[in-house]
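Inspection log for the structure reproduced underneath, given as structure tokens.
The values are calculated or read from the model by the stated rules, or taken from the named source; none is laboratory data. Keep in mind the model is a prediction, meaning the values are calculated, not measured. Virtual Cβ from ideal backbone geometry, glycine too; neighbours counted across all protein chains shown.
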Amino acid sequence: MSHITTILEENRTFPPPAGVRGNIASLDEYHALCARFQTEPEATWRELAEAQLRWDQPFTRVLNRERAPFFRWFEDGRLNLSVNCLDRHVEDGLGERTAIIWEGEAGEVRHISYSQLLADVCRAANALKRLGIEAGDRVIIYMPMIPEAAVAMLACSRIGAIHSVVFGAFSPQALRDRIEDTGARLVITADGGARRGGIHALKPNVDTALQQGCQTVEHVLTVRHADNPIDTDPARDIDWHTALAAESDKCEPLMVESEHPLFILYTSGSTGKPKGILHTTAGYLLWAKLTMQWSFDFQPARDIFWCTADVGWITGHTYSVYGPLACGGTTVMYEGVPTYPDAGRLWKICADHRITLFYTAPTAIRALIKAGDQWPNRHDLSSLRLLGTVGEPINPEAWIWYHTVIGKERCPIVDTWWQTETGGHMIAPLPFATPTKPGSATLPLPGIDAAVVDEHGDEVTEGGGLLVLRQPFPSMLRGIWGDDQRYIDTYWHKFDGKYYFAGDGARRDADGYFWIMGRVDDVLNVSGHRLGTMEIESALVSHPAVAEAAVVGRPDEIKGEAICAFVVLKQDADAQLADTLRQHVSQEIGAIAKPDDIRFADSLPKTRSGKIMRRLLRDIAAGREITSDTSTLEDQQVVAQLQQNRA
Ligand code: WTA
């Protein structure tokens with residue numbers, strides 16, 4: 001379990017700002033809605049799904065539990081996601097409203113209206129069809145944070161194709177794994193993206209990935225964006241702009257069943273390769289929309305919403321693209337790093353675009369605290385009315401800074417706990433109803449039956465334990481792509497199919513508030529990004545010099561967790577080997593997975609039964625006093641060696 005060190009003792013409770021009537025206006029209203037969900041869950045979900053979504057064919061059945069834990073929601077209804085995100089708003093007379101404000105790293109800005117976005121999505125959908133893409137086909141999207149990424153996602157949904165977005169900083173090898181696992185027929189990419197004043201190549205990585213395997217890919221569609229020279233294979237490669245220009249800006253949407261797959265998004269687990277989390281159409285969309293209204297109090301006519309996450313992550317899917325667009329509001333996309341050209345960049349964007357709702361990760365907040373208050377103080381942050389965080393526990397110091405220096409004590413802070421698997425927020429305050437406590441995600445949203453339980457599944461009403469979800473909900477994952485058994489084993493096995501086990505530890509206090517303690521499995525949370533220790537270990541042992549490797553996390557002031565690798569070599573280490581191995585991991589997975597520390601040893605500490613003593617390694621990595629019982633340790637010498645050999 002990861003531990004974020006806290007220096008500040010912070011026990012205050014912050015009341016919601018007075019004088020603002022939120023979409024859920026009071027705790028009484030919240031409790032009343034929760035009670036309704038408890039007494040008549042299906043009727044409540046029915047009412048919300050009917051009111052929030054535009055159906056082509058209304059559903060009659062709310063929830064089908066016959067094949068639990070493979071739940072089916074609203075299954076006999078039909079709808080189209082892009083219609084819900086675009087056409088309906090244009091029909092409602094909002095065609096001229098800005099759907100996307102995009103800012104590039106160099107400062108260029110684009111405003112895209114709903115009408116224009118709809119036209120672009122139709123053109124792209126027609127281009128996909130012309131390439132033979134049909135409903136159910138998989139399409140890989142490997143792009144920078146540009147509006148075309150959203151266009152590509154929505155175009156897939158318009159024709160029933162299943163997208164799988166791969167984060168642009170993932171390596172060709174990681175891209176290849178995802179292409180092969182999905183069996184994608186098409187890759188949509190860009191020549192490159194902007195990063196820290198330079199160019200980060202994308203299409204060349206696709207070329208590398210496709211050199212081996214990936215037999216299913218027939219075409220690569222490339223957006224020209226970064227002036228990055230690329231190779232073109234005329235039999236395979238197509239230019240996005242040429243392809244779209246040849247198409248009509250009208251495209252009849254394909255009405256799909258509620259449970260039609262919408263996307264696959266890969267995320268790390270404690271074993272094996274990343275797993276393809278499958279989300280389907282109606283339930284996911286419903287929750288994306290509801291949580292925008294509940295947790296963010298989104299008011300589309302007046303709010304400018306900015307979620308800083310990349311579309312390569314679930315946060316970018318739900319809160320940069322689908323949630324805000326489903327509501328008919330304005331979403332901001334920024335392509336670039338938060339500290340370019342200086343540490344004031346995010347605050348400048350907030351000021352320039354009059355952002356009202358701002359959503360980011362604690363790791364970004366901590367990095368910007370370090371840069372100093374002069375940066376936010378230089379910009380007019382008066383448009384902000386709400387601040388959100390996601391991805392990892394927020395330490396009270398960061399919370400208080402966010403609250404005072406950014407929010408000027410006016411803005412509620414919404415700490416949202418959720419996962420790729422849950423599609424949207426699960427535990428979060430209602431900003432104008434729930435009193436907040438720094439470091440707590442507070443209470444489950446209405447309709448979400450979260451609980452802390454002990455190893456036997458018995459509820460812990462006050463104290464620590466494991467975080468579970470006890471009832472199915474519409475936006476939950478529908479499985480792991482191509483591996484039903486792994487879905488059951490990973491999430492349902494622990495509590496005999498009764499509860500969804502999230503993989504997190506949590507504590508509840510006397511007020512019933514949830515405090516997320518971090519992962520209890522072998523998953524690291526590095527700068528809010530999930531990485532499996534096994535994945536990094538496999539990358540390390542795939543290097544010819546490495547015999548064995550074990551990876552653990554250690555607390556890091558900015559990143560939350562840093563990656564520490566213990567490595568046994570087949571040969572003597574030369575001076576460059578640590579760097580070579582870091583580079584190797586970066587090539588295998590991506591730069592985010594590079595170990596921060598590498599320690600060499602003659603062997604790894606193992607019990608007599610041969611299990612690596614991870615808790616001991618975590619203590620060594622953190623430089624803590626060793627708390628584990630080392631009496632079962634095979635070779636006592638190895639501990640001293642690991643403590644010393646820090647590369
Ligand atoms: C962690 C990101 C504490 C948690 C949306 C979870 C959090 C994992 C919070 C999911 C939070 C997410 N407080 N921890 N507010 N939000 N986490 O799939 O460990 O990338 O299991 O989804 O991030 O990461 P994922």
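Restricting attention to segment 395-431, the residues that are in contact (Cβ under 8 Å) with a residue 12 or more places away in the chain, of a type in the set (Ser, Thr, Tyr) and more than 9 Å from the ligand (Cβ to nearest atom) total 1.
Listed by first and then second residue, the pairs linking a residue in segment 274-303 that is among the basic types (Lys, Arg) to a residue that is part of a strand (DSSP E or B), with Cβ atoms under 7 Å apart and 6 or more places separating them unless they lie on different chains, are LYS275/TYR266; LYS275/THR267; LYS275/ILE480.
Only a single criterion out of (1) more than 20 Å from PRO429 (Cα to Cα); (2) modelled with pLDDT of 95 or more; (3) part of a helix (DSSP H, G or I) is not satisfied by GLN293, namely (1).
Is it the case, given these coordinates, that THR98 is closer than 30 Å to GLY336 by Cβ, in contact (Cβ under 8 Å) with a residue 24 or more places away in the chain, in contact with a strand residue (DSSP E or B) (Cβ under 8 Å, 6 or more places away or on another chain) and among the hydroxyl-bearing types (Ser, Thr, Tyr)? Yes; evaluated as a whole, the condition is true for this residue. Considering only residues in segment 519-537 that are under 14 Å from GLY590 (Cβ atoms) and outside any strand (DSSP E or B), the one that is farthest from the ligand (Cβ to nearest atom) turns out to be ILE536. Only residues that are of a type in the set (S, T, N, Q), away from the ligand (no atom under 12 Å from the Cβ) and under 14 Å from MET476 (Cα atoms) were counted in segment 279-321, giving 2. With respect to the stated conditions, LEU325 fails to be away from the ligand (no atom under 14 Å from the Cβ), over 30 Å from ARG88 (Cβ atoms) and touching a Cys at 6+ places or on another chain (Cβ under 7 Å). Just checking, does segment 226-239 include any residue being farther than 25 Å from TYR114 by Cβ, touching a Phe, Trp or Tyr at 6+ places or on another chain (Cβ under 7 Å) and outside any loop (DSSP other than H, G, I, E, B)? Within segment 226-239, not a single residue is farther than 25 Å from TYR114 by Cβ, touching a Phe, Trp or Tyr at 6+ places or on another chain (Cβ under 7 Å) and outside any loop (DSSP other than H, G, I, E, B). Criterion applied to GLY560, GLY532 was being small (Gly, Ala, Ser), within 20 Å of ALA367 (Cα to Cα) and crowded, with 19+ Cβ neighbours inside 10 Å, and the one residue passing it is GLY560.
Number of residues in segment 261-278 that are at pLDDT 95 or above and either touching a Lys or Arg at 6+ places or on another chain (Cβ under 9 Å) or within 16 Å of PHE473 (Cα to Cα) (or both) equals 8.
One line per residue, one yes/no per condition, for (1) touching a Ser or Thr at 6+ places or on another chain (Cβ under 7 Å); (2) in a loop (DSSP other than H, G, I, E, B); (3) among the β-branched types (Val, Ile, Thr):
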| site | (1), (2), (3) |
| --- | --- |
| LEU128 | no, no, no |
| ILE133 | no, yes, yes |
| ALA150 | no, no, no |
| ALA155 | no, no, no |
| ARG158 | yes, no, no |
| PHE167 | no, yes, no |
| ALA174 | no, no, no |
| GLU180 | no, no, no |
| THR189 | yes, no, yes |
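Of the residues examined, THR331 is one that is in contact (Cβ under 8 Å) with a residue 24 or more places away in the chain, part of a strand (DSSP E or B), closer than 25 Å to THR281 by Cα and of a type in the set (S, T, N, Q).
So is GLU29 touching a helix residue (DSSP H, G or I) at 6+ places or on another chain (Cβ under 7 Å) and among the acidic types (Asp, Glu) or not? Taking the combined requirement at face value, the residue does not satisfy it. Which of the residues belonging to segment 86-104 are under 22 Å from TRP240 (Cα atoms) and surrounded by 21 or more Cβ atoms within 10 Å (Cβ to Cβ)? Within segment 86-104, LEU86, ALA99, ILE100, ILE101, GLU103 meet the criteria. Among the residues of segment 349-374, not one is assigned to a helix (DSSP H, G or I), within 16 Å of the ligand (Cβ to nearest atom) and closer than 17 Å to ILE101 by Cβ. The set of residues from segment 438-465 being within 13 Å of the ligand (Cβ to nearest atom) and over 21 Å from the mean Cα position of the chain (by Cα) comprises just one member, PRO438. When residues in segment 489-518 are screened for being near the ligand (Cβ under 9 Å from one of its atoms), surrounded by fewer than 21 Cβ atoms within 10 Å (Cβ to Cβ) and either among the charged types (D, E, K, R) or free of Cβ contacts under 8 Å to residues at least 60 places away in the same chain (or both), 0 of them pass. Checking each residue in segment 568-597 for being of a type in the set (Val, Ile, Thr) and either in contact with a Lys or Arg (Cβ under 7 Å, 6 or more places away or on another chain) or farther than 21 Å from GLU535 by Cβ (or both) picks out only VAL585.
Among residues that are of a type in the set (S, T, N, Q) and under 30 Å from ILE488 (Cβ atoms), THR60 is included. Of all residues in segment 375-394, those satisfying the criterion of being part of a strand (DSSP E or B) and near the ligand (Cβ under 7 Å from one of its atoms) are THR389, VAL390.
For segment 19-38, enumerate the residues that are part of a helix (DSSP H, G or I) and charged (D, E, K, R). Passing the criteria: ASP28, GLU29, ARG36. Considering segment 414-450 alone, what residues qualify as being part of a strand (DSSP E or B) and either closer than 21 Å to ARG36 by Cα or basic (Lys, Arg) (or both)? If the condition is that a residue be part of a strand (DSSP E or B) and either closer than 21 Å to ARG36 by Cα or basic (Lys, Arg) (or both), then ILE427, THR442, PRO444, ALA450 are the ones that fit. If I ask for residues that are over 22 Å from LYS570 (Cβ atoms) and either touching a helix residue (DSSP H, G or I) at 6+ places or on another chain (Cβ under 8 Å) or in a helix (DSSP H, G or I) (or both), which ones from segment 601-619 would you list? Within segment 601-619, ARG614, ARG615, LEU616, ARG618, ASP619 qualify. For LEU265, the conditions (1) away from the ligand (no atom under 14 Å from the Cβ); (2) under 25 Å from GLU75 (Cα atoms); (3) part of a strand (DSSP E or B) are fulfilled apart from (1).
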